[in-house]
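The block underneath contains the structure these notes are about, expressed in structure tokens.
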Amino acid sequence: MAATLLVIILLIIAAIILALLLALYLVPVTVETVAGCTRESAAATAVVAWGILGARVKVADGVGVLEVLIAGRPVMTRDLAEIAAAPPPEEKKEERKPPLPVKEYLSAAVDLWPHLRKVVAATLRSLYLETLRGDITLGLENPADTGMIYGYCTALRYALWPAEAVDFVMTPVFDHEVFEGTFTLRMQVRRPLLIIIPVASALLQKPVRQRLRQVSGRGAPGA
């Protein structure tokens, strides 16, 4: 009886793990950002969602909130100012280590690059741009600077003209300073499991963990 119960529990655990892996492979992560700016106010909203789970950050006129979403409905709301002002948890007092020299970070980047390259390659393969829209009205103190930026934006717009997902328009103003407009970005991270696999594979290697601890100041090679 006990053996049968143990087998059933193991089968349930295996089914849950397989279902989670399948969901990570089939269900994309959606990232959406909408921002707007006028002379009177500025506001931005960013949403990251995976299936029915998500998080949303809303900032308007310097006031920001973080919302945890389930099926698009907020179930928990936190003020960003309170989160930033929250005292860190008490930890054991340790001697403050001096920052590592820049060459140490460069050396670590070189050592970790083979693993980072796999993660970056998997991420780029998984990214899918759905919408990138911008409509900006810009006027700088120096009209020549405004004209130069407008020229760059126009050239970029026509270079990306075949991409239906991208549409960026800039309207120059030469007689006064102004910055107004809207920006919309929507993209998907498809097959997130394919990104998690190289990350997990790298973290399972002891030299990688040691190098990460070293550059974070929490350890040294061989520790």
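Structural remarks
- Qualifying residue in the range 74-82 (condition: open to solvent by 70 Å² or more (accessible area, probe 1.4 Å), of a type in the set (Lys, Arg) and at pLDDT below 90): no
- Cβ pairs under 8 Å, 6+ apart, first in the range 43-65 and among the acidic types (Asp, Glu), second in a loop (DSSP other than H, G, I, E, B): ASP61/SER41
- Inter-residue pairs, beta-carbon under 7 Å, first more than 30 Å from VAL68 (Cβ to Cβ) and in the range 78-105, second modelled with pLDDT under 75 and open to solvent by less than 100 Å² (accessible area, probe 1.4 Å), 6+ apart: LYS97/GLY217
- From GLY147, GLY181, residue being within 30 Å of the chain's Cα centre (by Cα) and open to solvent by less than 60 Å² (accessible area, probe 1.4 Å): GLY181
The rows are residues; the columns are (1) open to solvent by less than 60 Å² (accessible area, probe 1.4 Å); (2) in the same structural domain as TRP50 (by the TED database); (3) touching a residue at least 24 places away in the same chain (Cβ under 8 Å); (4) within 23 Å of LEU22 (Cβ to Cβ).
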position	(1), (2), (3), (4)
VAL119	yes, no, yes, yes
THR131	yes, no, yes, no
GLY134	yes, no, yes, no
VAL169	yes, no, yes, no
ALA200	yes, no, no, yes
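- Of the residues making up the range 20-35, at least one is part of a helix (DSSP H, G or I), under 30 Å from THR131 (Cβ atoms), open to solvent by 40 Å² or more (accessible area, probe 1.4 Å) and touching a helix residue (DSSP H, G or I) at 6+ places or on another chain (Cβ under 6 Å).
- Some residue of the range 5-16 being open to solvent by less than 60 Å² (accessible area, probe 1.4 Å) and touching a Gly at 6+ places or on another chain (Cβ under 9 Å): no
- Selection over the range 58-75 of residues that are over 29 Å from GLU40 (Cβ atoms) and touching a helix residue (DSSP H, G or I) at 6+ places or on another chain (Cβ under 6 Å) gives a count of 0.
- Scanning the range 150-170 for residues that are among the β-branched types (Val, Ile, Thr) and either within 25 Å of ALA46 (Cβ to Cβ) or part of a loop (DSSP other than H, G, I, E, B) (or both) turns up VAL166, VAL169.
The values are calculated or read from the model by the stated rules, or taken from the named source; none is laboratory data. Since we're looking at a predicted model, the values are computed, not measured. Positions of Cβ are generated from backbone atoms using ideal geometry, with glycine treated the same way; all protein chains shown enter the neighbour counts. Surface accessibility is based on the protein's heavy atoms, side chains included, excluding ligands, DNA and RNA. Shrake-Rupley method; radii C 1.70, N 1.55, O 1.52, S 1.80 Å.
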